[in-house]
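Enquirer: First the structure, which I've put down as structure tokens, then a few questions once you've had a look.
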Amino acid sequence: MLFASYRNPKSTEYSFRHFLLADRRNLLLAGVAAITILLNLIIFKMIYPYADITADTDTYITAATYNMPANLWPVGYSQILRLFHFISASETALVAFQYICLQCGAFFLYFTILYLLKPGKIFRYGAFFFLLINPLFLYLSNYVITEALFLALGFTWFALLLWMLYKPGLFIFLLHGIVLALAFTIRYNAMFFPIVAAFPLIICRAPMWKKAIAVALPSLLIGAFIIFTMNATYKATGVRKFSVFSSWQLANNAMYMAPYIPYDTLHIPQDCKLIHQFTHAFYTSSYFDAAKATPANGAYYMWETNGPMKALLSYYERKYSIDDNFSGWAHTAPVFQEYGNYLISHHPFAFARYFWIPNMVEYLRPSPELIGDNIRAKHGTPLVMQSWFHGTPATVSSPLPGVQTSIMMKYVMLIVFLQFIFLEEIIRYLYLKRHRYARRIFNKVLVLFGVFVMVNFFFSTLAAPVVLRYQLMLMVLQLFATLLLIEKNENNPIPTPKEMKEDEAMLGI
């Protein structure tokens, strides 16, 4: 019994397993969800029989094909592709696996909230139908990229944080550490997860030795992965670097201010003089497009063919006779790291004006970016993908031109709406003093939602391009929190003495 040990004998609370399997209403919800998920998948694959791609797909499959221990991006997803390939070489099977994992993670979070907070019909059925009648999850799972599995782990991780608040135990701490480490091996966006996890870990009622394990396990697992990746990168490229891509990203973000600050050749570090010259030459040339050189267009300086970063890459490839892309990126990474740090530390206000503030605007309305259209229908199937999946064609057609773009724009509008309605409901909750009458577990869960939103905001706006696929976890969590707040604000009965006693028992008060 997975969570049986968390039942308080003096409480009328059922175990989580009993809540799912013995409660007829919840069992019905789970059954309807399972059937609908299966039907959704069948219908979607009848319309879209082939998986879609992005520019990252080629890199992930190549790393899986050659069992590369290090790459531009974390190798966790490539290892999953490799393991799954032993089971099936079908792209349809991979899409089904990704979709089922994503929905399992989302519904684990959903049923955890039902169990802990006992919300009313607005959340119970509103969140339920959103998770089921949600084409975004299907489209996302149809891509051979990390997003679907990362979201599945992200939802599972957040649900485990709620269990920490409920009744922390050793099993929950161990499971949380493993899930957090797995998420980190798939996407480095998980690097801010420990900051969020610190809140429930600090306030939960658990012995210090258990909290020590909760901190030590993910730290050891992630630390081991970092050391392994650095060593593997050194063996492959001669550069001891953990995240090659993050150094490029840092320099790209800093370069947005370069055309608007004085061109200083006296104080620039010696190792950065060449890239500084390339940057100045680029934004004073005819190749530079000021309209495109904004955070709204993603990593403009990184991907621009005639840009300074590609110029330095070509220079290093010629100088050091580098013949593979990963080694070239690795050799230039230390220079980009130093250059990005120098520009930001010496011009923080310019960085805020030309990158951070524009990126905040993108945070409110993130671009659909790569998932806004069927890329494979436009550019064909990469050769490495044709070799990896059995029977996949070299070219595919778009079954419903324009439909995917239209659907993704609807989700952009939904995120814009949720940003404001979530804030409005928080303000209303405090103004109406609903927190005084809500159960303590509800207020703590609400604070946890808020901590995630704030930390995600600073990480997203300061460190990376803001695009739709990177903000989907935020979207779902804000939707869940908004539905819970609407229920409390519209109808917030004072908890009964029985509920208060159960609340206190549950929180160890």
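The values are calculated or read from the model by the stated rules, or taken from the named source; none is laboratory data. Source: prediction; values computed, not measured. Neighbour counts run over all protein chains shown; Cβ positions are idealised from the backbone, glycine included.
Enquirer: Return the only residue of L20, L83, L94, L39 being at pLDDT 95 or above, crowded, with 18+ Cβ neighbours inside 10 Å, in a helix (DSSP H, G or I) and not small (G, A, S).
Expert: Only one candidate qualifies: L94.
Enquirer: Follow-up. Considering only residues of segment 290-302 that are touching a helix residue (DSSP H, G or I) at 6+ places or on another chain (Cβ under 8 Å) and part of a helix (DSSP H, G or I), which is surrounded by the fewest Cβ atoms within 10 Å (Cβ to Cβ)?
Expert: So the first thing to find is which residues in segment 290-302 are touching a helix residue (DSSP H, G or I) at 6+ places or on another chain (Cβ under 8 Å), and the list is 290, 292-296, 298-302.
Still in the running and part of a helix (DSSP H, G or I): 295-296, 300-302.
On the way: P295: 24, A296: 17, Y300: 20, Y301: 21, M302: 19.
Among those that are touching a helix residue (DSSP H, G or I) at 6+ places or on another chain (Cβ under 8 Å) and part of a helix (DSSP H, G or I), it is A296.
Enquirer: Moving to a separate point now. Give segment 60-71 a look and list any residue that's closer than 17 Å to S327 by Cβ and surrounded by 21 or more Cβ atoms within 10 Å (Cβ to Cβ), or say none.
Expert: Result: A63, A70, N71.
Enquirer: Suppose we filter H347, H331 for residues that are touching a residue at least 60 places away in the same chain (Cβ under 8 Å), touching a Gly at 6+ places or on another chain (Cβ under 8 Å) and at negative phi; which single one remains?
Expert: Selected residue: H331, the only one of H347, H331 that is touching a residue at least 60 places away in the same chain (Cβ under 8 Å), touching a Gly at 6+ places or on another chain (Cβ under 8 Å) and at negative phi.
Enquirer: Taking the residues in segment 190-221 that are surrounded by 20 or more Cβ atoms within 10 Å (Cβ to Cβ) and closer than 27 Å to A63 by Cα as candidates, determine which candidate is modelled with the lowest pLDDT.
Expert: A190
Enquirer: Within segment 109-122, can one find any residue that is over 19 Å from A159 (Cα atoms) and either without any contact (Cβ under 8 Å) to a residue 24 or more places away in the chain or crowded, with 20+ Cβ neighbours inside 10 Å (or both)?
Expert: Yes: one or more hits.
Enquirer: Do we have F458 as within 15 Å of the chain's Cα centre (by Cα) and not hydroxyl-bearing (S, T, Y) here?
Expert: Judged against the criteria, F458 is a match.
Every residue, every condition in (1) touching a His at 6+ places or on another chain (Cβ under 9 Å); (2) over 20 Å from M191 (Cβ atoms), yes or no:
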{"position": "A214", "(1), (2)": "yes, no"}
{"position": "L217", "(1), (2)": "yes, no"}
{"position": "A236", "(1), (2)": "no, yes"}
{"position": "V239", "(1), (2)": "yes, yes"}
{"position": "W248", "(1), (2)": "no, no"}
{"position": "T265", "(1), (2)": "yes, yes"}
{"position": "C272", "(1), (2)": "no, yes"}
{"position": "I275", "(1), (2)": "no, yes"}
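Enquirer: Take I172 and decide whether it is in contact with a helix residue (DSSP H, G or I) (Cβ under 6 Å, 6 or more places away or on another chain) and either among the polar types (S, T, N, Q) or not in a helix (DSSP H, G or I) (or both).
Expert: In short, no.
Enquirer: Right, something else. Looking at D56, D52, which one is surrounded by 20 or more Cβ atoms within 10 Å (Cβ to Cβ) and of a type in the set (D, E)?
Expert: After applying the criteria, what remains is D52.
Enquirer: Let me ask another. Which residues, counting only those in segment 304-314, are farther than 20 Å from F351 by Cβ and not polar (S, T, N, Q)?
Expert: Within segment 304-314, K310, A311, L312, L313 meet the criteria.
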